[in-house]
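Let me begin by presenting the structure, written as structure tokens, before commenting on it.
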Amino acid sequence: MTDRATGRADRFSIVLVEDDDGDALLVEELLYDTDLSYTLTRCRTAAEARAALATRPADCVLLDLHLPDATGVETVHAVEADTRAAIIVLTGLDEPRAGVDALAAGAQDYLVKGKVDPDLMQRAVRYAIQRKQAERANAALQIGRLRAEENARLERGLLPEPLLSSTAVTASSRYYPGRAQALLGGDFLDVVQTDDGQVHAIIGDVSGHGPDAAALGVCLRIAWRALTLGGHRDQHLLHLLEQIHIAERTGSDLFATCTLITLDADAGTVTLHLAGHHEPLLVTDEGTRQVTAAHGIALGIAPGVGKWAATTLALPARGALVAYTDGLIEGFADSTDERLGVEGLLGIIDTLQAPDPGTHLDQLIARTRTLNADRHTDDLAVLRLDWDLTASGLRSGTWRAER
């Protein structure tokens, strides 16, 4: 290994793979006469080069096409898989096609032995490294595009358009993944109105994070919508969802919590079924409180034995029900290690004066995230159902939904 430093800001790590000592000496002399700042490692075989590159990453590989253990384009394939470095192949005068074939195989440039001067060597090394960096940047950009497209597909599955036909009930929702640039997690929600005028909603949380939890959340959300529109209700519906959860989950440790909401505007009631989930909050002109409701076990923890009792509440003429996943309350409340909790959440709501439901949710989430200051990361989903039982057209008209 040789070391050449000229005080320049850019310092390159170069690996020379050449079994002929005379040709290797010529390349070393060419490099020495350039203005490059570099360290040089000499290898005699492709296997030796792979071992060196695995131990110490390089910026550029100067690769002879005729080695004891590889010949021609095979040498590029033999080295390329083990390095993120730019590859410049060294060809002979009698190999007019070798350089072009090497470029097609993945090399960034080629030089013909005997036709190289220090200036050409310097330009080739710098351009090859820049070209390789551009290729890697483009690959990363493509991965980013694919990730964004995947996120968009998951978001459409987790956060569908509500199916509402009544002006008496509106739905607003918000969703935030726990980590920036991460795939959406397993939180999901949905709202549909059936032909009898009842509004049905679900909010749930699959344990874990990442694509497996997100895929299972999408599956449960779609299954809930299909089963609800098909007439399945209450405990029977939860048993069916649990069967689907067990069939679709990737590991036996995955479980899901959820809340089923059935709002009957004609009867002026709301019915809740809690499967390991928090009680929602009831917002009225008198203030906000947590409703008291019966609890049942989360889906997938004890398959087949769950019982989910119904809790039916009378609705005020105007009000809202806010259901949420635990990401809203499990963050920190201040500079100490105290969690926000339901009481802290109610304290925040009491200070908010936004009349618009969507703005209210935005302010609520912003306040909780500011207090948490990124110390606790979890997915967060909030669903708010507002009703006005004095409005006309309980079963017809247009709907307004904010996401």
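The values are calculated or read from the model by the stated rules, or taken from the named source; none is laboratory data. Computed from a predicted model, the values in this text were never measured in an experiment. Positions of Cβ are generated from backbone atoms using ideal geometry, with glycine treated the same way; all protein chains shown enter the neighbour counts. Note: areas computed on protein heavy atoms with side chains; ligands, DNA, RNA excluded. Shrake-Rupley method; radii C 1.70, N 1.55, O 1.52, S 1.80 Å.
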Inset, instruction - Give the residues of the stretch 91-118 whose amide nitrogen is closer than 17 Å to a point set 7 Å from the Cα of Asp33 in the direction of its Cβ. - result: 111-118
Legend entry - Structure-based [θ]222 nm, the chain - -39500 (n - 2.57) summed over DSSP H runs of at least 4, per residue, nearest 500: -11500 deg cm²/dmol
Legend entry - Exposure ranking of Ser207, Ser172 by accessible area [1.4 Å probe, largest first]: Ser207, Ser172
Legend entry - the chain - percent relative contact order, Cα under 8 Å, separation 6 or more: 14
Legend entry - Accessible surface, 1.4 Å probe, highest first, among residues Arg249, Arg367: Arg367, Arg249
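In square angstrom, what is the accessible area per residue of the stretch 240-357 with a 1.4 angstrom probe? Could the numbers behind the result be given before it?
Details: 5240 Å² over 118 residues.
With all protein chains present, the stretch 240-357 gives 44 Å² per residue.
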Legend entry - Cross-link reach list, aspartates and glutamates versus Lys132, counting only Cα pairs under 17 Å and skipping chain neighbours closer than eight places: Asp10, Asp59, Glu80, Asp82, Asp109
Legend entry - Answer label, with Cα extents along the principal axes in Å calculated from the coordinates and candidates [x] 62, 58, 39; [y] 94, 42, 40; [z] 69, 55, 41: [y]
Inset, instruction - Beta carbons within 10 angstrom, averaged per residue: use that to sort the peptides 299-307, 138-146, highest first. - result: 299-307, 138-146
Legend entry - Once exposed loop GluC sites (Glu not before Pro) are cut out (DSSP; at most 16 other Cβ, 10 Å), longest piece of the chain: 1-285
